[in-house]
Amino acid sequence: MNFTAHNVLQLLANGAVLGAFYAAIGCSFSLILTVTGRFHMAWAMSFTVAAFLAASLTENGVSFWLALLAAGIAAAGVGVAIERLIYRPLLAAGGAAGGAASALLTVVVASLGIVIVGQNLISLFWAPDGLGKSIANIDVKPVDLGGIALTSLDITAFTINVAMIAALFLILRRTKLGRNIRATSVNADMARVVGIDTKRIFLIVFGIGSFIAGVAAVPYAAKTVAVPEMGFIPVLYALLVAFLGGFRNNPLQTAAVGFGIGILEAEASLLVDLQYTQLVVYSVLFIFAASRAFVGGGRTALA
Amino acid sequence: MTSSIVTSFAFLGETDISYINLALIYAIYAVSLNLLLGYAGQVTLAPAAFGAIGGYSVARLFLDGNGLEVGLLVGFSVALVFGVLIGIIALRLTLIWLVVLTLAFSTIVPQVIIVLRKPDLGQVGGLTNIVDVPFFGHVLRDPSDLLPVTLAFAAIVFLVCLRMGESPYGRVLRAVRDDTTAIQTLGKNTFRYKLQVFGLTSGMAGIAGGLIVVQSTVAAPGTFSFDASLAIFAIVVIGGMGNLYGSLLGAALITAATPFFQNVLGIDPLKATLWQLIAYGAALIIVIRLRPQGLLPAGSRYTRDLIARVRGTRPAPEPPDRGPAMQAPSVRPPAMPASRNGGQSARPVLDGEIAVRARGLEKSFGGVRAVQGVDIDLKRGAVTALVGPNGAGKTTVFNLIAGALRPDAGSVVLDDVEIAGKRPDEIAALGMVRSFQDVRLFPQMTARDNVAVAVPGQPGESLARLFAAPAAVGRGERAALEMADEWLEFVGMSGAATTPAAALSYGEQKLVSLARVLATDAQVILLDEPASGIEGSWVQAMLDLIDRVRDQGRTVCIVEHNMHVIEQIADVTYFMESGRVVASGDVGELLKDNHLAEVYFGTV
């Protein structure tokens with residue numbers, strides 16, 4: 001593609017659509033990590049289950065919007081179940097063994113186990129032909145915005161993702177629940193002392209975060225197809241956005257990072273071969289993490 | 001390559017041998033990861049990425065006309081270098097960032113392989129057609145040709161890791177895992193240990209990756225994906241972290257799952273792979289939920305005997321069934337272990353000779369000037385105490401002298417050497433070691449190991465001598481254990497030698513931590529509130545011990561709240577208030593000063 005003003009604008013629009021997706025999933029992952037401290041790689045399961053459920057529902061005649069809602073609720077259910085049935089009892093049982101470090105590792109290992117089990121169960125029972133499932137009942141039309149070509153699906157996805165980020169921002173900043181979530185995030189022990197049921201807050205956070213993941217997954221799958229391992233790349237992006245966005249319970253800041261990455265990635269296609277863009281993104285994550293060793297955040301006392 | 005090994009496996013078909021090869025390759029991955037994770041406590045989610053480096057080296061060099069031995073050597077070396085580089089970064093990262101870093105690394109490396117594919121071959125999926133690879137001139141055609149190679153490398157890697165893990169070297173690794181700061185203050189260079197282990201285990205993963213390429217005939221990103229890292233991780237966790245035999249078992253179990261599902265349960269091959277993944281994912285969750293120590297826990301009864309044989313020592317006896325609580329040690333005079341610098345213990349206290357001279361120490365935290373121009377001398381062979389009300393700055397001064405904090409200004413001279421700004425392990429090597437108020441024993445290690453790890457200059461702590469001078473290592477280890485037992489006896493804790501530190505009472509832990517500090521042979525001992533948090537009779541036992549340490553000619557500095565403790569053992573006392581020394585000298589004289597008594601006790 002050539003470096004013309006039109007191409008740059010077109011890619012900016014593509015980047016914004018992509019960025020809204022990264023922003024939403026980044027906020028979702030970040031919310032869970034910031035408040036609960038769980039390195040929830042099994043986030044990918046909420047994402048995948050939602051897409052498969054939406055595909056099955058729309059295939060059987062359910063409308064897109066109803067399927068979208070059901071997918072979000074199912075994703076929330078998966079997230080809440082994982083916290084309630086796996087993470088919480090796991091840490092209650094082995095929490096005393098090695099402090100925060102061991103707790104983090106325990107959750108990472110368990111969540112990866114969940115991903116392996118879930119992904120392959122879906123392969124066996126939900127996509128036995130190995131072809132994946134498409135979202136039906138959605139009419140994708142080209143849309144022309146002053147010479148910039150998008151699709152109606154792009155517009156829908158963008159709107160949904162932005163709306164969810166805005167709603168999350170309002171919940172965190174303007175409601176009593178949001179205040180309790182932020183309090184739990186800053187200091188769970190102190191929150192408990194002032195009467196906040198932090199276990200319930202954890203479940204609510206898993207619910208909200210996973211709901212966002214599930215809803216974002218549906219238009220993502222509609223653009224291509226739902227396959228069992230579809231959650232892996234998004235969870236890495238979600239993680240990238242969450243880590244670059246900082247952990248301040250500020251969805252707007254996280255969203256800004258998501259949009260930035262989406263736009264950069266789209267514009268980068270002017271410069272590098274498409275197959276390298278992911279490599280570039282992971283390299284950014286690697287360099288960012290490595291840089292933590294020498295400035296700020298991740299640095300440990302030199303011990 | 002017809003060898004006796006192959007003929008003894010003659011009843012197996014090539015497919016079966018192929019599974020055995022795979023199990024051995026996964027054993028190499030898992031055993032090396034276990035040394036890093038289970039012994040040294042360092043986290044990586046990227047073993048398969050290091051495998052990719054080895055695998056790509058083997059494939060690329062083979063396509064350029066080289067044998068497997070060249071590929072493996074290059075793969076091992078390059079993976080080792082990358083391991084050290086990651087290790088250098090990892091030294092300074094908190095766990096969560098290390099997880100992110102290695103996660104990204106494990107995604108990048110297989111992708112780079114696609115980018116680096118040999119252009120004239122042009123395969124999109126990686127390097128293919130890695131068949132009939134020669135190994136020292138002998139062509140490896142069938143799985144049975146590869147078997148002796150995988151078997152040999154698995155055996156070498158296993159024995160090397162076992163030697164590293166179950167030796168004085170491994171004892172330091174376990175101490176690094178349990179408490180990096182504490183082991184550093186005992187004089188071990190933790191950077192060296194971490195980088196050596198990161199590098200070597202990464203190189204070993206490179207060998208596994210090189211072999212798996214020969215086994216599967218392709219160097220494709222899929223072989224080294226994050227999923228592969230997960231499988232390796234699962235083997236280590238399921239087998240048991242810190243037990244290398246567990247990793248062998250885990251590798252066998254996970255590899256056997258595929259043929260089990262295919263042949264025994266009759267599931268078709270494509271689905272059998274999926275079921276295998278489900279099985280190990282589920283096993284992973286179940287194991288960390290119900291048996292977090294894994295199938296074969298570290299120090300398990302079944303493997304202890306084997307390990308003891310490797311170390312050339314007798315199997316350790318079962319820990320005795322200890323009563324609910326130990327009696328406070330009676331004040332009896334156990335034999336004083338001979339200090340290794342023997343002469344010094346008999347050395348008369350030279351009046352006025354200064355072991356440590358701190359001058360003009362300054363330290364601010366943000367805007368708070370915690371320490372403002374403090375001068376302190378530690379007289380050789382005397383007990384010097386720092387006292388003062390909360391917030392007076394005595395703990396800060398203690399940490400400045402010990403090297404845990406770097407002073408903003410001022411100097412600390414130990415035996416004519418400036419130590420301000422040196423690392424704790426360097427200071428320990430110069431002969432000054434500290435204890436911690438909150439004890440900080442290595443919780444998963446026995447009391448004996450806690451003390452033995454502190455013994456300085458052990459030949460078995462050098463990676464080179466571990467393999468080059470086994471006799472010296474054996475002698476050094478016997479001496480270190482003997483020394484540990486003597487110091488345990490000195491503090492009256494002989495009965496607890498084989499008990500894990502975490503199972504000791506707080507008072508017992510304080511005594512073991514004193515033994516640990518004494519075992520370093522340091523001539524200057526800094527004790528942070530040695531008598532705090534323990535009960536009456538224990539306090540007396542502790543004070544008697546400190547008395548005896550002084551009589552040995554060592555220099556002692558203590559921070560203490562308890563005035564009765566100070567009155568009993570301090571030769572020189574420094575009173576601090578608001579970051580300054582306000583008085584110093586004999587404590588009895590000082591307490592006659594009404595102002596000091598008021599500051600300290602709040603009332604006269």
Query - B:ALA251, sole failed condition from (1) within 14 Å of chain A (Cβ to nearest Cβ); (2) part of a helix (DSSP H, G or I) - result: (1)
Requested in this report: For the stretch B:279-292, name all the residues that are of a type in the set (Gly, Ala, Ser) and either more than 14 Å from chain A (Cβ to nearest Cβ) or surrounded by 19 or more Cβ atoms within 10 Å (Cβ to Cβ) (or both).
Outcome: B:ALA279, B:GLY281, B:ALA283
Report summary line: Restricting the stretch B:236-248 to residues that are away from chain A (no Cβ under 12 Å) and not small (Gly, Ala, Ser), the one nearest to B:TYR26 (Cα to Cα) turns out to be B:LEU248
Query raised in the report: Looking at B:LYS194, is it part of a loop (DSSP other than H, G, I, E, B), buried (at least 20 other Cβ atoms within 10 Å of the Cβ), in contact with a helix residue (DSSP H, G or I) (Cβ under 9 Å, 6 or more places away or on another chain) and within 14 Å of chain A (Cβ to nearest Cβ)?
Result: no
Query raised in the report: How about the stretch A:230-274: which of its residues are modelled with pLDDT of 90 or more and more than 19 Å from A:LEU285 (Cβ to Cβ)?
Result: A:MET230, A:PRO251, A:LEU252
**Report entry** Test: residue in the stretch A:68-76 that is out of contact with any Pro (no Cβ under 8 Å at 6 or more places or on another chain), more than 14 Å from chain B (Cβ to nearest Cβ), under 23 Å from A:PHE243 (Cβ atoms) and not aromatic (Phe, Trp, Tyr)
**Finding:** yes
Query raised in the report: Just to be sure, is B:VAL160 at pLDDT 90 or above and under 21 Å from B:LEU63 (Cβ atoms)?
Result: no
Requested in this report: Would you check if B:VAL139 is surrounded by fewer than 20 Cβ atoms within 10 Å (Cβ to Cβ) and either assigned to a helix (DSSP H, G or I) or out of contact with any His (no Cβ under 9 Å at 6 or more places or on another chain) (or both)?
Outcome: yes
**Report entry** Among (1) aliphatic (A, V, I, L, M); (2) more than 11 Å from every other protein chain (Cβ to nearest Cβ); (3) under 16 Å from A:LEU285 (Cα atoms), the one test that B:ALA59 misses
**Finding:** (3)
Query raised in the report: Do we find that A:GLY195 is free of Cβ contacts under 8 Å to residues at least 40 places away in the same chain and on the phi > 0 side of the Ramachandran plot in this structure?
Result: yes
Query raised in the report: Just a yes or no: is a residue in the stretch A:212-219 more than 21 Å from A:GLY79 (Cα to Cα), away from chain B (no Cβ under 14 Å), crowded, with 19+ Cβ neighbours inside 10 Å and not β-branched (Val, Ile, Thr)?
Result: no
Requested in this report: For B:GLY41, state whether it is within 14 Å of chain A (Cβ to nearest Cβ), within 29 Å of A:PHE243 (Cα to Cα), touching a helix residue (DSSP H, G or I) at 6+ places or on another chain (Cβ under 6 Å) and not in a helix (DSSP H, G or I).
Outcome: yes
Query raised in the report: Going by the conditions given, is B:LEU63 modelled with pLDDT under 95, of a type in the set (A, V, I, L, M, F, W, C) and under 27 Å from A:ILE233 (Cα atoms)?
Result: no
Query - Lone qualifier among B:ASP449, B:ASP425 - being at pLDDT 95 or above and not in a strand (DSSP E or B) - result: B:ASP449
Report summary line: Considering residues that are out of contact with any helix residue (DSSP H, G or I) (no Cβ under 7 Å at 6 or more places or on another chain) and not in a helix (DSSP H, G or I), the number found within the stretch B:197-229 is 3
Query - Of residues in the stretch B:254-278 being facing another protein chain (nearest Cβ under 9 Å) and either over 15 Å from B:LEU22 (Cβ atoms) or surrounded by 18 or more Cβ atoms within 10 Å (Cβ to Cβ) (or both), the one modelled with the lowest pLDDT - result: B:LEU270
Query raised in the report: Restricted to the stretch B:65-112, and to residues that are in a loop (DSSP other than H, G, I, E, B) and more than 27 Å from A:MET41 (Cβ to Cβ), which residue is farthest from the other protein chains (Cβ to nearest Cβ)?
Result: B:GLY67
Query raised in the report: Quick check: is even one residue across the stretch A:52-72 closer than 26 Å to B:LEU290 by Cβ, modelled with pLDDT of 95 or more and crowded, with 24+ Cβ neighbours inside 10 Å?
Result: no
Query - the stretch B:237-253: number of residues that are surrounded by 22 or more Cβ atoms within 10 Å (Cβ to Cβ) and over 27 Å from the mean Cα position of the chain (by Cα) - result: 0
Report task. State yes or no: is A:LEU66 among the hydrophobic types (A, V, I, L, M, F, W, C), in a helix (DSSP H, G or I) and touching a helix residue (DSSP H, G or I) at 6+ places or on another chain (Cβ under 6 Å)? Result -> no
Query raised in the report: Among the residues of the stretch A:106-153, which ones are more than 9 Å from chain B (Cβ to nearest Cβ), touching a helix residue (DSSP H, G or I) at 6+ places or on another chain (Cβ under 9 Å) and in a helix (DSSP H, G or I)?
Result: A:VAL107, A:SER111, A:ILE122, A:LEU153
Query - Sole exception among (1) part of a strand (DSSP E or B); (2) on the phi > 0 side of the Ramachandran plot for B:LYS363, by number - result: (2)
Requested in this report: For the stretch A:145-168, state whether one or more residues are more than 22 Å from the chain's Cα centre (by Cα), at pLDDT below 95, closer than 19 Å to A:VAL215 by Cα and not polar (S, T, N, Q).
Outcome: no
Query raised in the report: Regarding B:VAL172, is this residue within 17 Å of the chain's Cα centre (by Cα) and buried (at least 23 other Cβ atoms within 10 Å of the Cβ)?
Result: yes
Query raised in the report: Do we find that B:ALA454 is closer than 28 Å to B:ILE354 by Cβ, at pLDDT 95 or above and either assigned to a loop (DSSP other than H, G, I, E, B) or out of contact with any Lys or Arg (no Cβ under 8 Å at 6 or more places or on another chain) (or both) in this structure?
Result: yes
Requested in this report: Look at the stretch B:548-572 and say how many of its residues are over 37 Å from the mean Cα position of the chain (by Cα) and either assigned to a strand (DSSP E or B) or among the hydrophobic types (A, V, I, L, M, F, W, C) (or both).
Outcome: 2
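Matching residues to (1) modelled with pLDDT of 90 or more; (2) of a type outside the set (A, V, I, L, M); (3) more than 30 Å from B:ARG163 (Cβ to Cβ):
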{"position": "B:PRO329", "(1), (2), (3)": "no, yes, yes"}
{"position": "B:LEU350", "(1), (2), (3)": "no, no, yes"}
{"position": "B:SER364", "(1), (2), (3)": "yes, yes, yes"}
{"position": "B:GLY388", "(1), (2), (3)": "no, yes, yes"}
**Report entry** When residues of the stretch A:277-296 are limited to those that are more than 22 Å from the chain's Cα centre (by Cα) and surrounded by fewer than 18 Cβ atoms within 10 Å (Cβ to Cβ), the one nearest to the other protein chains (Cβ to nearest Cβ)
**Finding:** A:PHE294
Requested in this report: May I ask you to verify whether B:PRO337 is buried (at least 16 other Cβ atoms within 10 Å of the Cβ), at pLDDT 80 or above and outside any helix (DSSP H, G or I)?
Outcome: no
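The values are calculated or read from the model by the stated rules, or taken from the named source; none is laboratory data. All figures in this text were calculated on a predicted structure; none of them were measured in a lab. Cβ atoms come from the backbone with ideal geometry, glycine included; neighbour counts cover every protein chain shown.
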